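The values are calculated or read from the model by the stated rules, or taken from the named source; none is laboratory data. Just so you know, these numbers come straight off a predicted model, no measurement behind them. Backbone-built Cβ (ideal geometry, glycine too); neighbour counts: all protein chains shown. Quick note on the areas: whole protein, heavy atoms, side chains included, nothing else; ligands and nucleic acids left out. Shrake-Rupley method; radii C 1.70, N 1.55, O 1.52, S 1.80 Å.
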Amino acid sequence: YRISYDPTRYPKYIPEAYCLCKGCLTGIFGEENFHFRSTPVYMPTVILRRTSSCAGGRYVYTEDYVTIPVGCTCVPEHEKEAESVNSSIDK
């Protein structure tokens, strides 16, 4: 995890997950398998964002929705042939 800091946000500190490996650790000995890729898992979260206005000597906050990476999971890696076929569909 890495700690994200923003002084205008509540909470100011938010832990964010990041994937250490490109592939996924599989097998008995936990060796890295490149037939899978490690990808972040996101969770929508509500935070409070400080505005530039004050009311009664206090900051005014508004709700803000952000997505935060909370972990990593393994997804199958596409083969080269499948990527070239799918890429033409996406265009």
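Among strands (runs of 3 or more DSSP E) entirely within region 15-77, having at least 1 residues that are hydrophobic (A, V, I, L, M, F, W, C) and free of Cβ contacts under 8 Å to residues at least 60 places away in the same chain singles out 24-26, 36-55, 58-76. Scanning region 26-49 for residues that are modelled with pLDDT under 95, touching a strand residue (DSSP E or B) at 6+ places or on another chain (Cβ under 8 Å) and over 12 Å from Thr73 (Cβ atoms) yields Thr26, Gly27, Glu31, Glu32, Asn33, His35.
Restricted to region 10-29, and to residues that are among the β-branched types (Val, Ile, Thr) and open to solvent by less than 90 Å² (accessible area, probe 1.4 Å), which residue is farthest from Val66 (Cα to Cα)?
Restricting attention to region 10-29, the residues satisfying the condition of being among the β-branched types (Val, Ile, Thr) are 14, 26, 28.
Of the ones still in play, those that are also open to solvent by less than 90 Å² (accessible area, probe 1.4 Å) are 14, 26.
Working: Ile14: 11, Thr26: 31 Å.
Among them, the one singled out is Thr26.
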